[in-house]
Amino acid sequence: MSLQFCSFASGSSGNCYLIKNENTALLIDAGISGKKIFQGLEDTGTAREDVSAILITHEHIDHVKSLPIVTKKLPNIMAYANEATWASIERPVAEKKQQLFRTGADFTVGDFLVRSFPIPHDAAEPVGFSLYHDGRQISVVADVGYITEDIFEEIVDADLLLLEANHEEEILLMSSYPYPLKRRILGERGHLSNVSAGECLCELVETKQKKRRVLLGHLSRENNDPSVAMLAVRNTLMEKNIIPGTDLQLEVVLRDCCSCLYEV
């Protein structure tokens with residue numbers, strides 16, 4: 001079996017991702033119901049006993065909602081978070097199920113080398129993750145105010161990248177959100193816009209030519225739409241004469257349903 005990725009849900013109302021090969025399966029975040037997570041495992045042919053880890057990006061509820069039930073119902077799973085995130089998670093997790101990592105330090109889970117990296121977001125110590133196996137890389141970058149140089153260096157070689165495209169700025173500015181919330185989302189510790197995601201992809205392509213699949217994720221329910229996100233990102237790319245195709249495969253993963261099982 002090749003390296004595989006599936007988004008069980010990706011959006012402002014909940015996030016959960018599966019990465020697996022023939023020997024190891026793990027989750028990133030558990031921000032949707034346990035029922036949906038277990039259904040996602042079933043739909044992807046992943047036995048509950050095969051899931052050995054859940055990696056937590058940060059403590060916000062759309063990322064840890066079902067952490068207690070997942071760590072209870074999956075017999076072999078361990079939950080990984082950094083010290084500040086564990087201190088900020090209010091959901092109860094049995095101490096024997098908790099693992100601690102230091103942000104930026106590599107560790108292994110089964111066949112995978114896991115690397116966490118800091119991201120700018122309004123949480124205790126938020127991180128993105130890259131997973132490496134057999135010369136291939138999957139990276140997940142969401143809930144990020146902007147793409148730092150360190151983030152860019154981490155994702156430039158990714159074969160599959162889940163990249164936040166949270167909002168369309170004009171829609172957000174005209175929305176009914178209170179002004180402080182708009183400023184939070186637009187700030188450097190908020191969320192990445194469609195255009196900012198497109199600009200990041202332009203720089204990735206210009207920096208390194210390679211075949212990569214990019215999944216736009218963590219779309220806002222109120223301030224974005226899959227068709228709007230795709231159009232905005234494509235237009236940003238085309239301004240630099242970059243046309244998604246064979247080398248840059250561009251798709252959107254939805255907020256509330258399971259994606260296909262992507263092979264990397």
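Looking at this structure, is L163 open to solvent by less than 50 Å² (accessible area, probe 1.4 Å), assigned to a strand (DSSP E or B) and of a type outside the set (K, R)? Taking the combined requirement at face value, the residue satisfies it. Looking across G40, G34, G45, one residue alone is small (G, A, S) and buried (at least 21 other Cβ atoms within 10 Å of the Cβ). It is G40. Checking E125, E42 one by one, the residue that is among the acidic types (D, E) and not in a loop (DSSP other than H, G, I, E, B) is E42 and no other. If the condition is being at positive phi and touching a Ser or Thr at 6+ places or on another chain (Cβ under 9 Å), then the range 189-247 contributes only H218.
Evaluated against (1) surrounded by fewer than 18 Cβ atoms within 10 Å (Cβ to Cβ); (2) out of contact with any Ser or Thr (no Cβ under 8 Å at 6 or more places or on another chain), A94 falls short on exactly one condition, (2). Count, please, the residues in the range 228-250 that happen to be open to solvent by less than 20 Å² (accessible area, probe 1.4 Å), assigned to a helix (DSSP H, G or I) and aliphatic (A, V, I, L, M). Residues in the range 228-250 being open to solvent by less than 20 Å² (accessible area, probe 1.4 Å), assigned to a helix (DSSP H, G or I) and aliphatic (A, V, I, L, M): 4 in total. Looking across the range 169-180, just one residue is open to solvent by less than 70 Å² (accessible area, probe 1.4 Å), within 21 Å of P120 (Cβ to Cβ) and touching a Ser or Thr at 6+ places or on another chain (Cβ under 9 Å), and that is L172. When we screen E42, E90, E59, E95 for residues that are closer than 28 Å to R136 by Cβ, of a type in the set (D, E) and out of contact with any strand residue (DSSP E or B) (no Cβ under 7 Å at 6 or more places or on another chain), the only hit is E42.
The values are calculated or read from the model by the stated rules, or taken from the named source; none is laboratory data. On a predicted model such as this, the values are computed, not experimentally measured, just so you know. So basically every Cβ, Gly included, is an ideal-geometry build from the backbone, and we count neighbours across all protein chains shown. Ligands, DNA and RNA are stripped out before the accessible areas are found, and what is left, the full protein with its side chains, is counted by its heavy atoms. Shrake-Rupley method; radii C 1.70, N 1.55, O 1.52, S 1.80 Å.
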